[in-house]
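To keep things clear, I will list the structure first and then write my remarks on it.
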Amino acid sequence: MTASTPRPPTPPSAAPSIAPSAASSAASAVSADGAPPPAPGPSLEAVDLSVGYRRDDVLSGLSLAVEPGTVTALVGPNGSGKSTLLTTLARVQRPRAGEVRLRGRALGDWSSVEVARQLALLPQSAVAPAGATVRELVEQGRYPQLGPWAMLRRRDDAAMERALSLAGVGALADRRLDSLSGGERQRAWIAMALAQETDLLLLDEPTTYLDVRHQIDLMDLVGRLRDEHAMTVVMVLHDLNQAARYADRVVALRGGRIIADGPPAAVVTAEVLREVFEVEARVVEDPVTGRPLFLAL
Amino acid sequence: MSALREPTTDGAEREGRRRPGRPGGRSGGGGARRPGGLGAPAGVLAVASAVALAVAALVTAHLLVGRSEVPAREVLRALTGGSGEPAYDLIVLRFRLPRVLVGLGAGALLALSGVLVQSVVRNPLAEPATTGIGAGAALAVVVSLVLVPGHGATYAVALGGALLAGLLLWLLGRRSLAVTGILLGAVLSALTSMVLVVDSQPMGTVLRWLVGSLNARTSGDWAALWPWLLVLPLLGWLLAPVMNVLALGDVATTTLGLRPALARGAVLAVAVAAAAAAIAAAGAVAFVGLVAPHVARLLVGSDHRLLVPVATALGALLLSTSDLLAFAVSLDLPLGGRSVAGVPVGAVTALLGAPLLVRLVRQERR
């Protein structure tokens with residue numbers, strides 16, 4: 001295993017401002033990300049992004065370009081800014097400086113509905129209206145595509161059915177949300193995001209409430225969305241091994257900066273674990289997938 | 001009191017014990033209540049005809065009950081264009097008919113406003129009467145009556161006061177409408193009390209707006225109310241998809257392409273207009289805007305496309321029924337025929353609504 005903490009990739013505007021802390025760098029497998037982007041350009045891009053609550057910057061001068069058709073995992077300790085990055089990418093939070101670009105255009109230049117047709121977010125803590133059923137929740141995902149007039153009519157269209165079955169909640173469709181387990185509810189919300197029929201899907205800690213079985217199912221679903229539906233997925237994950245196993249690219253944040261960025265093998269290393277998570281660990285090769293697997297010492 | 005409490009607690013416990021079994025339960029249909037059940041046209045038709053029947057029954061009862069005996073045949077004759085007896089025409093057309101119509105209309109608008117306010121505040125315990133809108137109407141009327149004693153434009157003044165209070169609520173309460181509404185109501189009520197201490201002459205008139213009353217409603221009140229009924233329920237229903245999205249929280253609302261602040265503003269505007277129109281006509285009747293949406297939610301679930309019309313219809317029935325009760329009780333009071341005032345309907349809705357609400361809330365709690 002090569003020890004490497006590659007510098008954040010590319011966008012030239014960002015390079016100078018970022019991460020002097022990424023000292024131990026020896027760029028290895030990053031070239032795929034670092035090199036000139038493929039023809040269509042990034043689906044979603046953070047350019048020199050600074051985001052903050054009150055006086056403190058949670059993110060400062062962060063740049064990240066997400067290539068279409070990839071699965072990117074954002075990892076980092078609590079307070080590293082990974083969720084803030086995700087919600088800013090989803091336009092839920094406004095940056096203090098810099099901008100987010102969707103298909104090369106600043107988010108602000110798209111109308112709200114146009115963004116919602118291209119980008120869906122699974123929020124971290126979602127409130128469910130009391131008494132609503134799974135179907136009623138998922139139906140709301142159709143709002144950006146159909147608009148308020150069409151939504152006046154109760155409908156079950158193909159997109160809804162597809163979303164329900166993809167998320168594995170087809171059998172629960174008529175159950176009330178408050179009668180479901182946390183994991184089932186989480187999948188209902190994922191179905192709502194899928195019903196938006198977007199190319200981009202942002203997931204904020206999607207596996208948190210799920211048992212092992214459903215965590216695996218969800219991660220397989222993410223892979224299927226990428227392979228069969230050409231979707232681009234960015235997700236915040238707590239479990240580093242999960243990120244290493246399922247993501248094409250792992251971005252490690254700490255203190256609002258990207259410390260390491262690249263394919264799992266380049267990011268999930270003993271050095272990065274020490275620097276980002278303050279964990280002493282050994283990284284071995286996962287005998288099942290060949291991906292890196294870390295074991296705390 | 002204890003006799004009343006006993007069975008309620010019991011019911012809540014039974015409900016609580018039954019719950020855990022349900023998710024794993026039989027049929028997978030999601031338990032006894034299926035909120036989507038009324039989505040079918042047949043269900044909608046059934047509800048609509050039930051409402052129509054109830055309204056017909058209420059109107060009939062209202063037209064027949066009163067201090068003076070009016071035979072059913074004479075009521076019908078008065079309605080269908082004049083009879084030989086001018087006194088009957090007067091009683092039926094000028095007093096009884098406006099009263100039942102205003103009751104139905106104001107009830108509908110209060111419930112509509114309740115649904116909308118609850119959606120904006122995201123709290124099913126919010127209601128128009130406690131958002132300061134009613135207090136604004138009362139204050140405006142009191143001040144105007146002190147300045148111009150005995151003027152006849154109380155409806156317009158009350159409407160203006162209610163709308164102003166609604167505007168104030170929106171300006172002040174961007175962050176937390178529920179709390180702001182309660183505070184605004186308290187401040188406006190305090191101001192009203194202060195004015196009344198200085199000059200108690202408008203007391204009798206203003207009580208109508210403070211408690212809510214349908215006594216002595218005239219065709220003028222109905223004339224001021226019905227145009228709102230054409231517009232506001234429709235607007236409320238058109239906003240149902242927006243409210244369904246808002247119910248998912250601000251983050252989800254944003255990601256679904258709506259601006260939460262803008263969406264809430266639109267819903268609140270209709271809510272304030274509905275509350276103002278209803279309160280100007282009937283006063284700040286408590287609990288209708290709370291109980292009607294609550295019962296509607298139990299019947300059809302939380303989908304606003306059904307919730308808005310069903311709650312509106314229930315509100316109409318609830319207020320008018322309470323008014324019939326209030327009126328019937330007034331007739332039996334030992335005041336004889338001399339008292340015109342009678343029991344205000346707001347007192348009845350409060351007395352009926354409070355225990356009902358306690359029961360409902362306990363049932364809902366998991």
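A few points about this structure:
- Considering (1) surrounded by 15 or more Cβ atoms within 10 Å (Cβ to Cβ); (2) within 30 Å of B:Leu325 (Cβ to Cβ), the lone condition that B:Ala223 does not fulfil carries the number (1).
- Condition met for B:Arg26 (loosely packed, with under 14 Cβ neighbours inside 10 Å and either modelled with pLDDT under 80 or under 20 Å from B:Leu317 (Cα atoms) (or both)): yes
- Single condition B:Thr312 does not satisfy, out of (1) within 12 Å of another protein chain (Cβ to nearest Cβ); (2) modelled with pLDDT of 95 or more; (3) farther than 25 Å from A:Gln124 by Cβ: (1)
- Which numbered condition A:Ser181 fails, given (1) out of contact with any strand residue (DSSP E or B) (no Cβ under 7 Å at 6 or more places or on another chain); (2) within 25 Å of B:Ala240 (Cα to Cα): (2)
- So B:Ala284, is it buried (at least 23 other Cβ atoms within 10 Å of the Cβ), away from chain A (no Cβ under 14 Å) and closer than 30 Å to A:Ser112 by Cα: no
- Evaluation of B:Val120 against (1) buried (at least 16 other Cβ atoms within 10 Å of the Cβ); (2) at pLDDT 85 or above; (3) more than 14 Å from chain A (Cβ to nearest Cβ) (one fails), failing number: (3)
- Note on segment A:84-126: residues that are over 19 Å from A:Pro68 (Cβ atoms) and of a type in the set (Lys, Arg) total 2.
- Here A:Glu197 passes the criteria (1) under 22 Å from B:Met243 (Cα atoms); (2) more than 11 Å from chain B (Cβ to nearest Cβ); (3) in contact with a Gly (Cβ under 7 Å, 6 or more places away or on another chain) except the one numbered (3).
- Wholly within segment A:60-161, strands (runs of 3 or more DSSP E) carrying at least 1 residues that are surrounded by fewer than 24 Cβ atoms within 10 Å (Cβ to Cβ) and away from chain B (no Cβ under 11 Å): A:71-75, A:97-102
- Matching residues in segment A:42-59 - criterion: being assigned to a strand (DSSP E or B) and surrounded by 21 or more Cβ atoms within 10 Å (Cβ to Cβ): A:Leu44, A:Glu45, A:Ala46, A:Leu49, A:Val51, A:Val58, A:Leu59
- Test: B:Val270 is within 11 Å of another protein chain (Cβ to nearest Cβ) and in a helix (DSSP H, G or I): no
- Helices (runs of 4 or more DSSP H) wholly inside segment B:189-249 that include at least 2 residues being aliphatic (A, V, I, L, M) and more than 14 Å from chain A (Cβ to nearest Cβ): B:203-207, B:219-238
- Residue count, segment A:184-204 (criterion: closer than 17 Å to A:Thr133 by Cβ and either surrounded by fewer than 22 Cβ atoms within 10 Å (Cβ to Cβ) or of a type in the set (Asp, Glu) (or both)): 2
- Set side by side, the residues B:Leu307, B:Leu298, B:Leu258 differ, and just one is aliphatic (A, V, I, L, M), within 14 Å of chain A (Cβ to nearest Cβ) and either touching a Pro at 6+ places or on another chain (Cβ under 6 Å) or over 25 Å from B:Leu351 (Cα atoms) (or both), which is B:Leu258.
- Among residues of segment A:205-239, those that are exposed (fewer than 14 other Cβ atoms within 10 Å of the Cβ), in a helix (DSSP H, G or I) and among the charged types (D, E, K, R), counted: 5
- For segment B:240-257, the set of residues classified as of a type in the set (A, V, I, L, M, F, W, C) and open to solvent by 30 Å² or more (accessible area, probe 1.4 Å) consists of B:Val251 only.
- B:Ala126 passes every criterion in (1) open to solvent by 50 Å² or more (accessible area, probe 1.4 Å); (2) not in a helix (DSSP H, G or I) apart from (1).
- Residue match in segment A:216-237 (condition: among the charged types (D, E, K, R) and within 14 Å of another protein chain (Cβ to nearest Cβ)): no
- In segment B:93-117, residue most open to solvent (accessible area, probe 1.4 Å) [restricted to those that are of a type in the set (A, V, I, L, M) and either out of contact with any helix residue (DSSP H, G or I) (no Cβ under 6 Å at 6 or more places or on another chain) or farther than 21 Å from B:Ala52 by Cβ (or both)]: B:Leu93
- Residue count, segment A:167-183 (criterion: part of a helix (DSSP H, G or I) and open to solvent by 30 Å² or more (accessible area, probe 1.4 Å)): 4
The values are calculated or read from the model by the stated rules, or taken from the named source; none is laboratory data. Everything numeric in this text was worked out from a predicted model, so none of it was measured. Because the Cβ atoms are built from the backbone with ideal geometry, glycine has one as well, and the counts that use them run over all protein chains shown. To get the accessible areas, we keep the full protein, side chains included, count just its heavy atoms, and leave off ligands, DNA and RNA. Shrake-Rupley method; radii C 1.70, N 1.55, O 1.52, S 1.80 Å.
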